[in-house]
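A short write-up of the structure that comes next.
The values are calculated or read from the model by the stated rules, or taken from the named source; none is laboratory data. A quick note: this is a predicted structure, and the numbers were derived from the prediction, not measured. A quick note on method: Cβ atoms are made from the backbone with ideal geometry, for glycine too, and the neighbour counts reach across all protein chains shown. Heads up: the accessible areas ignore ligands, DNA and RNA and are worked out on the full protein's heavy atoms, side chains in. Shrake-Rupley method; radii C 1.70, N 1.55, O 1.52, S 1.80 Å.
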Amino acid sequence: MRPIQMVDLKQQYAKIKPEIDAALQDVLNSASFIQGKAVHDFADNLARYLNISHVIPCANGTDALQIALMALDLQPGDEVITPSFTFIATTEVIALLKLKPVFVEVDAKTFNIDPAAIEKAITPKTKAIVPVHLYGQSADMSAIMSIAEKHNLHVIEDNAQAIGGDYSFPNGKTKKTGTIGHVGTTSFFPSKNLGCYGDGGAIFTNNDNLASKLKMIANHGQSKRYYHDMVGCNSRLDSLQAAVLNIKLKYLDNYIKARIAVADYYDKAFANHPKITTPYRAPYSNHVFHQYTLILNDVDRDGLNAWLAQHNVPSMLYYPVPAHRQKMFDAFGGKNYELKTTDWLTERVISLPIHTEMDDEQLAYITGKVLEFVNRSK
Ligand SMILES: *Cc1c(COP(=O)(O)O)cnc(C)c1O
């Protein structure tokens, strides 16, 4: 059996090596490493794929969130509602900009921000909501957009884990995740569903004014070279990464299919098990399975994590400490929050290997080992 990895980027590269190598060689020959043709081509191709007017590439997914927030003219102390059950970047940039992160509860089924909890957390200082499509499952965007409209709030979708996902509104209209809010952001970190070979990120919007502002902020606040209209930062996707992404974007839908096939295998193996809850697939979207995350009931989760490692099966705990319990947020009153579902989930979730290169032999081995441990626990 081939060794099992959380993500197998070597094998994925091997399958597209000639194309990738040629694209990288083109950039090397052009010596146009910054703002080169590959970057513009990729932004255009991704905009077409997502069916959105503007894609602004940047240096990473964290910067994408930061730049999106910087473009909204918020004032220090303004409140931004966000889940606590997410990767730290989502909440960190809010604090970095001297805004106030307001942590709200997630839905135990979807792992995503609970619209009812958003509504309860709104105050006169609330200016924005940052939903996260965690593990590849879209948040309930139709409900979130109605709340935002009612209270005149900005919505920034953190789409780092769900690029390529589709979301269907109750009226049947479908949009790509990340293109529903006023701004969407993503990461091209190598292990993401659309990953490059280093760091990368992007911001999406249909709003022309916002797009020019986002572009300026990502480029030292300049509209014209050496004329700086606002305080910005330096955040660029480089041409080599864009060249890789241009190739991989063509395969994104197939990569998603491969991930869903892995999830289907796991679902079947764990179906109706009293101690295992398999990922919920919301009727309003296709889960793109950035992660395959189980909820364990009455099982020593950390014990399973260690036992799998002993048997050469990697597994991960995303995320063992929610944002509101991180030291970083002590000064923001993190400890005063009571988020029962978030705490409950952080103690019970475990993510199994999922990627585009898995075979049935590996899956049979993994599911066998998981069930062996779980069935043994009392
Ligand atoms: C990966 C990730 C980010 C940050 O992306 P980087 O490119 O690593 O900066 C932000 N939010 C979520 C939910 C992520 O998974």
Report task. List every residue pair whose Cβ atoms lie under 6 Å apart, where the two residues are 6 or more positions apart in sequence or sit on different chains, the first residue falls within region 269-280 and is farther than 21 Å from ASP360 by Cβ and open to solvent by 40 Å² or more (accessible area, probe 1.4 Å), and the second residue, located anywhere, is at pLDDT 95 or above and among the basic types (Lys, Arg). Result -> TYR280/LYS109
Requested in this report: Kindly establish whether ASP78 is in contact with a His (Cβ under 9 Å, 6 or more places away or on another chain), open to solvent by less than 20 Å² (accessible area, probe 1.4 Å) and more than 16 Å from the ligand (Cβ to nearest atom).
Outcome: no
Query - Output for region 286-310, where each listed residue is away from the ligand (no atom under 16 Å from the Cβ) and assigned to a strand (DSSP E or B) - result: LEU294, ILE295, LEU296
Query raised in the report: Just a yes or no: is a residue in region 227-242 more than 27 Å from CYS196 (Cα to Cα), in a strand (DSSP E or B) and open to solvent by 10 Å² or more (accessible area, probe 1.4 Å)?
Result: yes
Query raised in the report: Any chance region 268-276 includes a residue that's within 22 Å of the chain's Cα centre (by Cα) and modelled with pLDDT of 95 or more?
Result: no
Report summary line: For region 81-100 the number of residues that are open to solvent by 20 Å² or more (accessible area, probe 1.4 Å), within 16 Å of the ligand (Cβ to nearest atom) and more than 15 Å from the chain's Cα centre (by Cα) is 2
Requested in this report: Pick out the one residue from ALA139, ALA160 that is within 12 Å of the ligand (Cβ to nearest atom) and open to solvent by 10 Å² or more (accessible area, probe 1.4 Å).
Outcome: ALA160
Query raised in the report: Only one of (1) open to solvent by less than 40 Å² (accessible area, probe 1.4 Å); (2) out of contact with any Phe, Trp or Tyr (no Cβ under 8 Å at 6 or more places or on another chain); (3) within 21 Å of PRO279 (Cβ to Cβ) is not met by ILE354, so which one is it?
Result: (2)
Query - Meets criteria (open to solvent by 50 Å² or more (accessible area, probe 1.4 Å), of a type in the set (D, E, K, R), within 25 Å of LEU9 (Cα to Cα) and free of Cβ contacts under 8 Å to residues at least 12 places away in the same chain) for LYS257 - result: yes
Query raised in the report: What are the pairs, 6+ residues apart or on separate chains, where a residue within region 284-309 that is open to solvent by 20 Å² or more (accessible area, probe 1.4 Å) and aromatic (Phe, Trp, Tyr) has its Cβ under 9 Å from a residue that is at pLDDT 95 or above and in a helix (DSSP H, G or I)?
Result: TYR284/MET141; TYR284/SER142; TRP307/LYS369; TRP307/GLU372; TRP307/PHE373
Query raised in the report: So which pairs qualify, if the first residue must be in region 313-338 and closer than 19 Å to GLU79 by Cβ, the second must be open to solvent by less than 80 Å² (accessible area, probe 1.4 Å) and assigned to a loop (DSSP other than H, G, I, E, B), the Cβ gap must be under 6 Å, and the two must be at least 6 apart or on different chains?
Result: PRO322/SER84; PRO322/PHE85; ALA323/SER84; HIS324/SER84; HIS324/TYR337
Query raised in the report: Pairs, please: C-beta under 7 Å, at least 6 apart or cross-chain, first residue within 11 Å of the ligand (Cβ to nearest atom) and part of a loop (DSSP other than H, G, I, E, B) and in region 177-196, second of a type in the set (Gly, Ala, Ser) and open to solvent by 10 Å² or more (accessible area, probe 1.4 Å)?
Result: PHE189/GLY61; LYS192/ALA160
